[in-house]
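**Student:** Pasting in a structure now, in structure tokens, and then I'll have a few things to ask.
The values are calculated or read from the model by the stated rules, or taken from the named source; none is laboratory data. This one's a predicted model, so the numbers in the text were calculated from it and none came from an experiment. No Cβ is skipped: glycine too gets one built from the backbone with ideal geometry, and neighbour counts run over all protein chains shown. Heavy atoms of the whole protein, side chains included, go into the accessibility calculation; ligands, DNA and RNA do not. Shrake-Rupley method; radii C 1.70, N 1.55, O 1.52, S 1.80 Å.
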Amino acid sequence: MRHFRERFHLPLGKDGKPLIYFAGNSLGLMPKAARKIVEQELDNWAELAVDAHHRAGTPWYSYHETFREPTARLIGAQPNEVICMNSLTVNLHLMLVTFYGPTKSRNKILAEEPAFPSDTYAIKSQIIHRRLDPKDALILARPRKGEFTVRTEEIVDLIERHRDRLAVVMIGAVNFFTGQLFDIEKITTVAQKHGIVVGFDLAHAIGNLPLALHAWNVDFAVWCSYKYLNAGPGAVAGAFVHERHATNTKLPRLAGWFGNDPNTRFRLHLEPEFIPVPSADGWQISNPPIFSMAPLRASLSIFDEAGGMEPLRAKSIKLTGYLQFLLEQAGSNRFSIITPREANERGCQLSILAHEHPKELFRKLQAAGIKCDFREPNVIRVAPTPLYNTFHEVWRFARILAEHR
């Protein structure tokens with residue numbers, strides 16, 4: 001896998017040498033091929049203008065269709081279950097409009113604590129829009145006292161205890177703060193046994209580890225593509241809608257013209273009734289945002305060339321496992337790892353809790369040419385990604401961290 005590193009632009013430090021870039025869980029590096037693809041679309045705009053919708057090498061009108069199959073491969077879906085559109089939180093709102101249909105007896109949503117704030121804002125606002133109170137309608141699965149991660153059995157227990165009142169379970173597949181990977185299949189199975197809809201935020205999961213959303217029977221999922229998918233800041237996001245829902249044109253949704261039947265789409269005012277496309281496309285509101293989609297083509301082609309998630313995951317387990325080994329060998333009482341130790345309970349990321357002077361430690365890492373991130377109040381997140389990080393970088397990072405006094 002080491003040759004894929006050469007396919008990305010590596011940020012340089014003041015010494016002119018590449019930084020140790022362990023921040024792919026916030027923003028993935030830029031594929032070198034992205035520039036040419038974006039410039040091609042700029043040229044199409046300049047030379048073809050409106051005609052680029054149909055005459056460009058990759059026509060703008062159907063641009064989103066080129067992402068179906070490669071994205072479906074990454075999340076274990078069928079192509080008709082996937083649509084790349086909008087941003088993650090917008091897509092979450094669209095999914096909740098459809099799948100959160102509270103009744104008098106069944107109106108609660110279960111989420112994890114801490115969830116990424118934008119997910120929490122979206123969930124609470126959807127509850128409020130139904131004239132309900134989040135204090136009553138939102139149930140949170142929290143870590144036990146003295147722990148940092150939420151045990152799967154805690155989530156299962158909450159589902160069982162509130163089974164007759166839960167409408168939706170909405171979980172971040174990989175927790176942004178701790179790096180914990182939840183048992184997607186088990187949570188889905190337990191919830192659906194009681195008629196509860198299950199959705200996942202894949203922001204830290206897609207491009208990080210193998211997924212099988214169709215086989216696991218997940219109802220819906222949303223994700224961004226600027227982290228492990230390396231599509232750039234503000235890049236187009238995506239949504240998964242299981243086939244049994246995607247083909248159901250009776251489901252309520254927020255409608256827009258690109259979710260409408262393409263056979264009548266351009267009859268415009270002559271066909272005023274909305275007829276949803278019987279696929280995930282039926283949730284697409286607007287035409288494809290070409291310039292925020294184009295870089296994703298470069299990244300998805302690299303994932304396909306690498307053979308998909310299985311070989312990348314194999315390297316990732318070794319890379320992150322090596323980092324864990326080195327940090328544990330250091331035996332420092334100044335920091336500890338709060339991410340689960342077992343490889344099947346995490347992805348690339350390790351979250352390191354600093355017991356003293358956390359911001360000072362973070363600044364020292366920055367000064368040493370390490371790019372990672374800090375999360376209040378005292379957690380440093382590092383994510384060695386298999387496409388462009390090396391075992392030597394892991395060793396260097398661990399050595400610098402262990403030498404901190």
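**Student:** List the lysines whose Cα lies under 19 Å from the Cα of residue 364, skipping any in the same chain that are fewer than 8 positions away.
**Tutor:** Leaving aside lysines fewer than 8 places away in the same chain, those within reach of residue 364 are 14, 17.
**Student:** Note down the magnitude of the dipole of region 63-208 about its Cα centre, charges +1 on Lys and Arg C-beta and -1 on Asp and Glu C-beta and zero elsewhere, to the nearest 20 debye. Can you show the working numbers first?
**Tutor:** Working: 18 positive and 17 negative charges, 112 e Å.
Roughly 540 debye, rounded to the nearest 20.
**Student:** What does the accessible area per residue of region 111-220 come to in Å², with a 1.4 Å probe and no ligands, DNA or RNA counted?
**Tutor:** 42
**Student:** Further, regarding this structure: Top to bottom by accessible area (1.4 Å), largest first, where do 4, 116 land?
**Tutor:** From most exposed to least exposed: 116, 4.
**Student:** Mind giving me the FRET efficiency for residue 51 and residue 396? R0 is 51 Å, r the Cβ-Cβ distance, nearest 0.05 is fine.
**Tutor:** 0.50
**Student:** Mind giving me the nanometre distance, one decimal, between the label points for residue 12 and residue 403, set 7 Å out from Cα along Cα→Cβ?
**Tutor:** 2.4
**Student:** Among the listed pairs 108/193; 108/135; 145/318, which have their C-alpha atoms separated by more than 19 angstrom in this model?
**Tutor:** With Cα atoms farther than 19 Å apart: 145/318.
**Student:** Counting only DSSP beta bridges with both residues in the chain, what percent are antiparallel, rounded to the nearest 5?
**Tutor:** DSSP beta bridges in the chain are roughly 55 percent antiparallel.
**Student:** Turning to a different aspect of this structure: Kindly sort 249, 152 by accessible area of their heavy atoms, largest first, with the probe set to 1.4 Å.
**Tutor:** Values: 249 60, 152 30 Å².
Most to least solvent-accessible, the answer reads 249, 152.
**Student:** Can you sort 163, 341 by solvent-accessible area, 1.4 Å probe, largest first?
**Tutor:** 341, 163
**Student:** Anything in the chain that counts as a DSSP H helix reaching 15 Å or more along its axis (C-alpha) with Kyte-Doolittle mean of at least -0.5? List them, would you?
**Tutor:** Numbers: long enough: 33-48 (22 Å, -0.54); 88-99 (16 Å, 1.68); 117-129 (18 Å, -0.31); 290-305 (23 Å, 0.76); 309-330 (31 Å, 0.03); 391-402 (16 Å, 0.42).
Both cut-offs are met by 88-99, 117-129, 290-305, 309-330, 391-402.
**Student:** Run the 1.4 Å probe and let me know the accessible area of residue 292, rounded to the nearest 10 Å².
**Tutor:** Here the accessible area works out near 30 Å².
**Student:** Please give the solvent-accessible surface of residue 201 in Å², to the nearest 10, using a probe radius of 1.4 Å with every protein chain present.
**Tutor:** Roll a 1.4 Å probe over it and residue 201 shows about 10 Å².
**Student:** Between region 100-157 and region 224-252, what is the C-alpha centre distance in whole Å?
**Tutor:** Region 100-157 and region 224-252 have Cα centres separated by 21 Å.
**Student:** Straight distance only, please: which lysines reach the Cα of residue 227 with their own Cα at less than 19 Å, same-chain residues fewer than 8 apart left out?
**Tutor:** 32, 315, 371
**Student:** Ranked from highest to lowest mean number of other Cβ atoms within 10 Å per residue, what is the order of the peptides 145-151, 388-394? Before the final figure, lay out each step's value.
**Tutor:** On the way: 145-151: 14.1, 388-394: 19.0.
Ranking, from highest mean packing down: 388-394, 145-151.
**Student:** GluC sites (Glu not before Pro) within region 299-363: which are DSSP loop residues with at most 15 other Cβ atoms inside 10 Å?
**Tutor:** On the way: sites: 305, 328, 342, 345, 356, 360; in loops: 342, 356.
Counting only loop positions with at most 15 other Cβ atoms within 10 Å, the GluC sites (Glu not before Pro) in region 299-363 are 342, 356.
**Student:** Please give me the summed charge of the neighbours of residue 80: other residues whose Cβ is under 10 Å from its Cβ, Lys and Arg +1, Asp and Glu -1.
**Tutor:** Charge balance near residue 80 sits at -2.
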